[in-house]
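Bear in mind that the values in this text are calculations on the coordinates, not laboratory data. Nothing here was measured: the structure is a model prediction, and the numbers come from that model. Here the Cβ is made from the backbone with ideal geometry for all residues, glycine too, and neighbour counts use every protein chain on show.
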Amino acid sequence: MIDRISNSQLVQLIMANVRELVREPGVLFWGIVFPILMSLGLGVAFTQKKDVTAIIAVVGETQLMSKAADSASLLGRFLSAGKAIPGKDQNGHITRKLTVPDDKLGNTTFIFTALTWKEAMVLLKRGNLNVVLDEKNGVVQYHFDPMNPDAQLNYLKLSKLLNSTGSAIAVNNPEIKPLTVGGTRYIDFLVPGLIAMGVMMSCMWGVSYAIIERRSKKLLRRMVATPMKRSNFLIALITVRVLMNFVEAGLLVLFAWLAFHITIQGSVAALLALFIAGNFAFAGIAIFISSHTAKTEIGNGLINALSMPMMVLSGIFFSYHNFPEWSIPVIQKFPLTMMADGIRSVFIEGAGFAEMAMPIIILSAIGIVFFTAGMRIFRWH
């Protein structure tokens, strides 16, 4: 009889724990939804496609790829003849599209774009292309980072194409010019993204979760009994977190400078203004999503549902141009994308206040709107 009661209690306890587990949004999100979202996002970005598209910068005059290209230009004769399809990109640059068929490995489409050296370096630093072509004294030069495997692969395909006997003109004796321009390494791309991601995660967890946890533990109920203004409480919380973000970002920049010789090529004042605007934007969002939530499990779900997609999509660890073309305009409107792109522009592109004005205004507006809305609906318990 005792054994039956004991077994019955065991079953009921197991069922009670199962129900408690299933009813927690945080557990459901991390155990089921989050892995699916991560596999979807990274799968779309990195799934090997049968057909590959590579943008190749061609440095020189825009007439290089026009029909009137003179016979002295090897690249001009190659790109203006054969099966290359003429066109223009979104910025009005002259392009030539050439597809190399391959039944086994998949087709490769090269989009040769006429750019200045400065324009090519900007797109290279943003991760939009990895090989630059130019021609000097009848010799074709390949500029790329030898440590970049995608650049190596594109070089091998290009050299085979340009040297093939079936091409419009064989390009013999090419030169490889390893890129030594500052800001073209992967670490130069990564560090600004890590700074932006650190601000987002710090505000989401340091501000939002701190409020939710205090509310769930009835600490806010005690605070409201004191003569405390709601605005003072929230501003104090944000101020401490922003100061902490400055320390964290400063240490990361110092480490990157010492270990990898990364320097800030643009305006430091513009960088500080953008950094403050980004902090305010994410702090405002954090106040808004934590204004009503009283359970930490729900808070976990809300914070991760907001931060994780941006962390995957916003170009922190890899260029968001890996995603489908239709999604890029949407991704560029994310707060994390604007902040990461802005910091990256100041670090490796030499941007100043003129280029950073719009991101600073938009991020500041996001912070004001969400902070004001969060203040209006905020509750202590």
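Points to keep in mind about this one:
- With 28 Å as the limit on Cα-Cα distance, the pairs of Lys125/Lys160; Lys136/Lys157; Lys217/Lys333; Lys97/Lys160 that go past it are Lys217/Lys333.
- Relative protection proxy for 215-223, 251-259, from highest mean packing down: 215-223, 251-259 (other beta-carbon atoms within 10 angstrom).
- Taking the average, over residues, of other Cβ atoms within 10 Å as the packing measure, peptides 349-362, 286-299 rank 286-299, 349-362 from highest down.
- Each residue of the stretch 260-269 was assigned a 3J(HN,Hα) from its phi angle through the Karplus curve 6.51 cos²θ - 1.76 cosθ + 1.60 (θ = phi - 60°); the sequence is 10, 6, 7, 10, 8, 8, x, 7, 5, 5 Hz, with glycine and proline shown as x.
- Protection proxy ranking for 114-122, 275-283, using the average of other Cβ atoms within 10 Å per residue and placing the highest first: 275-283, 114-122.
- For Thr109, the residues whose amide H sits under 5 Å from its own are Val52, Thr53, Ala54, Val100, ignoring neighbours fewer than 5 places away on the same chain, with H placed 1.01 Å from N.
- Scattering profile of the stretch 186-377 at q = 0.14, 0.17, 0.18 Å⁻¹ [log10 I(q)/I(0), Debye over alpha-carbon scatterers]: -0.79, -1.09, -1.19
- Here the Karplus curve 6.51 cos²θ - 1.76 cosθ + 1.60, taken at θ = phi - 60°, turns the phi angles of the stretch 228-236 into couplings of 10, 7, 4, 5, 5, 4, 6, 5, 5 Hz, with x standing for Gly and Pro.
- The stretch 104-166-the stretch 300-361 distance, computed between alpha-carbon centres (Å): 26 Å
- Compactness of the stretch 278-381, expressed as Rg and Dmax over alpha-carbon positions, Å: 15.4, 48
- Computed from the Cβ-Cβ distance with R0 of 25 Å, the FRET efficiency linking Ser327 to Thr109 stands at 0.80.
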